[in-house]
1. Would you be able to say whether some residue in the range 15-38 is part of a helix (DSSP H, G or I) and in contact (Cβ under 8 Å) with a residue 40 or more places away in the chain?
2. Looking for whichever is under 19 Å from Asn2 (Cβ atoms), touching a strand residue (DSSP E or B) at 6+ places or on another chain (Cβ under 9 Å), part of a strand (DSSP E or B) and small (Gly, Ala, Ser) here; the options are Ala65, Ala75. Which one fits?
3. Taking the range 27-47 as the region of interest, how many residues are surrounded by 18 or more Cβ atoms within 10 Å (Cβ to Cβ), over 19 Å from Gly101 (Cα atoms) and hydrophobic (A, V, I, L, M, F, W, C)?
Amino acid sequence: MNIKTFIKNLIAASNAFDTEKYLTFYLPDAILDDSSVGRIFEGHKGIQQYFDCYFIGYNTHTEQAELKIIDEANAHLAVQFTGDFSEGKIEGTFDFKFKEGKIAFVRADLIHL
C-alpha cells in the first residue's frame, strides 16, 4: 500500500463529497474517534454520518499540510479545512491505523489555536 497515494485519493473523494468512494477507504468495522466533536463513529454507517454532517453539511474542503508516515500501518496527517463553519478555516489532524490496505482506526481532532 502506498500511503501517500492512499491519502491523496482519500482527500480527493472527500473534497468531491463522494460518500460511496469515501467509505471504500475504511474497513467495514472501522472506528473514527473525533475528540473535537466528542464522539466515536463505528463502521461504515457511523462514518457516513460523520462525513454527511461534518464534511458535506459544512461544505468542508480538506487540504493536506503535512503527512508523516510512521510505518506501513500508521500515519499522521495534518490538514487545513475550509468550509461553511464560523471560523471559515481551521487546522486539523488525523492519526491513521491501517489494516489490509484500508483504514481500521482514525483519531481526528481540530487544532485549537
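We did not get these values from a lab; they are worked out from the coordinates using the rules stated. Keep in mind that this is a model prediction, so the values were computed, not measured. Cβ placement follows ideal geometry from the backbone for every residue including glycine, while neighbour counts extend to all protein chains displayed.
1. yes
2. Ala75
3. Here the count works out to 1.
Residue-by-condition table, conditions (1) closer than 17 Å to Gly101 by Cβ; (2) surrounded by fewer than 16 Cβ atoms within 10 Å (Cβ to Cβ); (3) hydrophobic (A, V, I, L, M, F, W, C); (4) under 12 Å from the mean Cα position of the chain (by Cα):
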site	(1), (2), (3), (4)
Lys4	yes, yes, no, no
Asp18	no, yes, no, no
Tyr22	yes, no, no, yes
Phe25	yes, no, yes, yes
Tyr54	no, no, no, yes
Ile70	yes, yes, yes, no
Gln80	no, yes, no, yes
